[in-house]
Amino acid sequence: MAENGVPRPLRVIFMGTAEWACASLRALLAAREFQVVAAVTQPDRPKGRELKAQAPPVKTMAAGAGVCVLQPESARAPAFAAELASLQPDLIVVAAYGQILPQTVLDVPKFGSVNVHASLLTKYRGEAPIAWTILNHEPETGVSIMKMAAGMDTGDILSQRATPIDPDETAATLHDRLAAIGADLLVATLPAYASGVITPRPQDHAAATYARKITKADGKLDWSLPAINLRDRVRAFTPWPGAFTNLIEAGGPKFLKIWRAHVERRQGQPGQVLQDDRAGLVVACGVDALRLEQLQLEGGRKMTAAEFLAGHHVRPGAKMT
């Protein structure tokens, strides 16, 4: 973009809420090619035991940088699109905003609206691509920058960048890596797109897969499944909702959240504790067994297996359900 022959920054409205979005906002704020004229995020919500209203991470970052912050209850309100239009944006950039945007908003900027998505589209459209990528044993994932359309992650692709998934990587570590990759790719893509260097590429909708929202119930471990599946559930659900099980003892079941586990080539009745020692609790699965290396009692702190067993003796033959 240029005015009187002098390049001017692209005027950007940033829309995001969750921590995932902060890396992209930080990159836009740091790059001279962009002027972030406003940040749109969800309203403050009550959180914690005291249910005090807390600002979303994007609001905190934007306000700290002196950027105007907008927090509409609904992005579908006609007045909201008009407010955005008054800012005369060249682009709207969306990353983990949390609301489906109407076409009236998507069409406001000169160059349209783009989204930073944590998968290699068309795979894993939807709300939880990182978790489902791990659950489905994918060897790689990546980030897609796409032009937004009215459907769920159906827009044309502007750019993509792939990265391998480490066998021991969790959703938490992959989240942070993809956020950084997405931020870097975003600032490299937008100027080329706005100048016409990039031609948007339509997605193959017939090949699309959907990553549905994860619920707390998804974290329940089913010991009849192969150990590799349960190990991947532990990875995919760290930190939320957490993989969990119940240890059946004489005094009643104990709720356990599992934070780290590895597969062992052992057999037994699914859910049966085969061994307990300083290296962990070994629990039989439908195929092979799972060694639990880090866990947490309800209301307690994370513990290594050695710490847990120092205060909770678990006899071989005990059951987990």
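The values are calculated or read from the model by the stated rules, or taken from the named source; none is laboratory data. Here the structure is a predicted model, which means the values were calculated and not measured. So basically every Cβ, Gly included, is an ideal-geometry build from the backbone, and we count neighbours across all protein chains shown. To get the accessible areas, we keep the full protein, side chains included, count just its heavy atoms, and leave off ligands, DNA and RNA. Shrake-Rupley method; radii C 1.70, N 1.55, O 1.52, S 1.80 Å.
Odds and ends about this structure:
- Listed peptides 10-17, 286-293, 205-212 appear in the order 10-17, 286-293, 205-212 once ranked by packing, highest mean of other Cβ atoms within 10 Å at the front.
- Local net charge near H205, Cβ-Cβ under 15 Å (Lys/Arg +1, Asp/Glu -1): +1
- Only helices enter this figure: runs of n ≥ 4 DSSP H residues, each worth -39500 (n - 2.57), summed and divided by the residues of the chain, yield -7000 deg cm²/dmol at 222 nm to the nearest 500.
- Within-13-Å neighbourhood charge of G300 [Cβ basis; K, R +1; D, E -1]: +2
- Using every pair of distinct Cα positions in the stretch 122-220, the Kirkwood expression returns a hydrodynamic radius of 14.6 angstrom.
- Label-point separation in nm, S195 to A217, each point 7 Å along Cα→Cβ: 5.2
- Subtracting the Cα-Cα distance of R265 and K302 from their residue separation scaled by 0.36 nm leaves 10.7 nm.
- Summing Cβ point charges (Lys, Arg +1; Asp, Glu -1) relative to the Cα centre of the stretch 110-237 gives a dipole of roughly 340 debye.
- Residue (of Q294, L247, Y210) at the positive-pole extreme of the stretch 190-321, dipole from beta-carbon charges: Y210
- Calculated FRET efficiency for the pair R8/S224, C-beta based, R₀ 51 Å, to 0.05: 0.25
- When +1 charges are put on Lys and Arg Cβ atoms and -1 charges on Asp and Glu Cβ atoms, the dipole computed for the chain relative to its Cα centre reaches about 500 debye.
- Cα gyration tensor, the stretch 158-209 - rounded (a/c under 1.5), prolate or oblate: oblate
- Solvent-accessible area per residue in the chain equals 47 Å², computed with a 1.4 angstrom probe and all protein chains kept.
- Positive minus negative residues near A243 (Lys, Arg vs Asp, Glu; Cβ under 12 Å): +4
- Cβ-derived FRET efficiency at R0 30 Å, K254 paired with N136, nearest 0.05: 0.45
- Spacing of the two label points (7 Å from each Cα toward its C-beta) at A77 and T104, in nm: 1.2
- With DNA, RNA and ligands ignored, accessible area of M148 (1.4 Å probe; Å², nearest 10): 40
- Gyration tensor verdict on the stretch 57-138 (Cα atoms; rounded if a/c is under 1.5, prolate if a/b is larger than b/c, oblate otherwise): prolate
- Anisotropy class assigned to the stretch 1-154 is oblate, per the alpha carbon gyration tensor with a/c at or over the 1.5 cut-off and a/b no larger than b/c.
- Cut-off under 5 Å, modelled amide H: who pairs with V283 long-range: L274, L290, R291, L292
- Across the stretch 184-321, Cα-Cα pairs more than 28 Å apart make up 33 percent of the total.
- When a 1.4 Å probe is rolled over the protein heavy atoms, the share of accessible surface on the chain that falls to carbon and sulfur comes to 54 percent.
- In order along the stretch 98-109, phi translates into HN-Hα couplings of x, 10, 7, 8, x, 4, 4, 7, 4, 8, 5, x Hz, rounded to whole numbers, per the Karplus curve 6.51 cos²θ - 1.76 cosθ + 1.60 with θ = phi - 60° and x for Gly and Pro.
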